[in-house]
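The values are calculated or read from the model by the stated rules, or taken from the named source; none is laboratory data. Here the structure is a predicted model, which is why all the values come from computation and not from measurement. Because the Cβ atoms are built from the backbone with ideal geometry, glycine has one as well, and the counts that use them run over all protein chains shown.
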Amino acid sequence: MNTALGFNLNEEEEELDEQLADERENHSKEELQEHEIPKEALFEKPLTPSDVGKLNRLVIPKQHAEKYFPLNGGDSGEKGFLLGFEDEVGKSWRFRYSYWNSSQSYVLTKGWSRFVKEKRLDAGDIVLFQRHRLDCTRLFIGWRRKNAAPPASVAGGGGGWSHFYSGHPSDLGTGACHAILEIA
């Protein structure tokens, strides 16, 4: 009889342990969601063959470049600045950002080819740009494969969704948040 009682207690203990484990798992998921970085999507850029080719540069569409990464005139355009981003695993990426007068294009150059190679990006893949909702100086860069369906929110994606990154507030009058531009 003692063994039967002991057996029942063990079953009850096992059930309790399972319930506690489930509660811990649910609690952990909630904590992870609470600690997720609140991001604001800036824009997406489908990659062209030249964006992933031997030119070693990413052309940023003019409307997005001027809105999110303004160069603020002067002679900074040709020389450029370094922009810093975080990817899906928190790795930092720095790219030279500049304006090419010859093609009248805003481009990411130095560091771009390494990003393309590490992420194994191809023409047609999508690069995602975001920033932190509360700390607008923190920018994130992500990507998804051309055949991957866009996520419910732009904050996640295909094979390697990443985070966006930072900038400096260059238009304090409107409260706009722009990328931090560091003189390179």
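Based on what the data block shows, is THR137 surrounded by 14 or more Cβ atoms within 10 Å (Cβ to Cβ) and over 18 Å from THR48 (Cα atoms)?
Spelling it out, THR137 is indeed surrounded by 14 or more Cβ atoms within 10 Å (Cβ to Cβ) and over 18 Å from THR48 (Cα atoms).
Within region 87-110, how many residues are under 15 Å from ASP51 (Cβ atoms), of a type in the set (S, T, N, Q) and touching a Gly at 6+ places or on another chain (Cβ under 9 Å)?
The number of residues fulfilling the criteria is 1.
When you scan region 46-144 for helices (runs of 4 or more DSSP H) that lie fully inside it, which ones turn up with 2 or more residues that are within 30 Å of GLU36 (Cβ to Cβ) and in contact (Cβ under 8 Å) with a residue 40 or more places away in the chain?
62-68, 112-119
Confirm whether ALA149 is closer than 19 Å to ALA41 by Cβ, surrounded by fewer than 16 Cβ atoms within 10 Å (Cβ to Cβ) and either in the same structural domain as GLY53 (by TED's automatic domain parsing) or at pLDDT below 90 (or both).
Yes: the conditions hold for ALA149.
Yes/no matrix, rows are residues, columns are (1) within 16 Å of the chain's Cα centre (by Cα); (2) surrounded by fewer than 16 Cβ atoms within 10 Å (Cβ to Cβ); (3) farther than 26 Å from ALA149 by Cβ; (4) assigned by TED's automatic domain parsing to the domain that holds ARG138:
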residue	(1), (2), (3), (4)
ASP51	no, no, no, yes
LEU55	no, yes, yes, yes
LYS79	no, yes, yes, yes
GLY90	yes, yes, no, yes
SER98	no, no, yes, yes
SER102	no, yes, yes, yes
LYS110	no, no, yes, yes
LYS119	yes, no, no, yes
